[in-house]
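These notes concern the structure reproduced below.
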Amino acid sequence: MTFHVITLFPESIRGYLNESILGRAGEAGLVDVRFYNPRDFTKNKHRKVDDRPYGGGPGMVMQAEPIIAAVGKARARKRNVKIVLFSPSGKQFTNAYADKLAKEYRDIVLISGRYEGIDARVKKILRAEEVSIGPYVLTGGEAPAMVVVDAVSRRVPGVLGKSESIEEYRVSASETYTRPDIFVHKGKKYRVPRVLLSGDHVKIEGWKKKRKGQGRR
């Protein structure tokens with residue numbers, strides 16, 4: 001699986017992706033994340049990628065040409081490519097959508113905007129799908145890009161070792177515990193639920209299902 005991230009700030013993403021499970025997936029060749037800075041595709045000496053919005057308004061808007069050129073470099077000679085453009089008004093990103101991306105595409109282009117947004121012609125020309133990771137506004141698309149890379153990568157065979165490791169595929173509770181079974185804090189004892197110490201796997205699975213249901217409310 002290859003992710004092509006269009007961003008003005010690649011270093012803000014690299015650190016996260018180079019650690020832990022994602023870092024090992026990259027070293028193993030299971031996941032590849034490539035970066036394309038729109039500034040490298042400008043035609044002006046100042047590498048300017050934004051300008052004032054037509055019709056007035058606050059802030060600046062990212063220009064279409066450098067982004068489209070960057071995407072063109074990313075998708076060159078590739079057939080099965082999905083292009084995602086992050087927007088607060090886009091389609092809600094979910095586990096089901098992450099599954100779809102992992103199963104149907106080998107190359108995913110993630111366009112991370114900045115400032116007041118991206119020239120609307122980018123979406124039209126590239127036929128990009130607008131996606132949102134939540135009902136809030138961020139200063140840029142780098143955090144959403146990390147979320148999508150993380151969520152989709154863990155569905156790539158071999159990244160987590162086995163599919164059962166994906167939380168939504170197995171019975172897991174909203175509460176988890178580890179040793180010691182009794183933790184004392186400021187004189188008060190906090191105990192692990194007895195059922196988890198019982199060794200009765202049927203009861204334990206029932207407890208997990210019940211707690212998982214409560215956690216979704």
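Numbers for the structure displayed
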| quantity | calculated |
| --- | --- |
| Residue in region 91-99 that is of a type in the set (Asp, Glu) and not in a helix (DSSP H, G or I) present | no |
| Scope region 8-25; condition without any contact (Cβ under 8 Å) to a residue 12 or more places away in the chain and closer than 26 Å to residue 41 by Cα; matching residues | 11, 15, 18 |
| Region 175-190, residues that are at pLDDT 95 or above and surrounded by 12 or more Cβ atoms within 10 Å (Cβ to Cβ) | 181, 183 |
| Extreme residue, surrounded by the most Cβ atoms within 10 Å (Cβ to Cβ), among residues of region 57-90 that are assigned to a loop (DSSP other than H, G, I, E, B) and in contact with a Ser or Thr (Cβ under 9 Å, 6 or more places away or on another chain) | 63 |
| Residue that is farthest from the chain's Cα centre (by Cα), among those in region 117-131 that are assigned to a loop (DSSP other than H, G, I, E, B) and in contact (Cβ under 8 Å) with a residue 24 or more places away in the chain | 119 |
| Matching option when the condition is surrounded by 13 or more Cβ atoms within 10 Å (Cβ to Cβ), aromatic (Phe, Trp, Tyr) and either within 19 Å of residue 67 (Cα to Cα) or not assigned by TED's automatic domain parsing to the domain that holds residue 39 (or both), among 105, 97, 115 | 115 |
| Filter result (part of a loop (DSSP other than H, G, I, E, B) and under 24 Å from residue 160 (Cβ atoms)) within region 1-53 | 1, 18, 19, 28, 29, 30, 31 |
| Selection from region 118-146 of residues that are β-branched (Val, Ile, Thr) and buried (at least 17 other Cβ atoms within 10 Å of the Cβ) | 118, 122, 131, 133 |
| Filter result for residue 202 (among the β-branched types (Val, Ile, Thr) and either within 30 Å of residue 34 (Cβ to Cβ) or at pLDDT below 80 (or both)) | no |
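Matching residues to (1) modelled with pLDDT of 95 or more; (2) closer than 27 Å to residue 28 by Cβ:
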site	(1), (2)
119	yes, no
122	yes, no
148	yes, yes
173	no, no
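The values are calculated or read from the model by the stated rules, or taken from the named source; none is laboratory data. Predicted, not measured: the structure shown is a model, and the values here were computed from it. Note: ideal-geometry Cβ built from the backbone for every residue, glycine included; neighbour counts use all protein chains shown.
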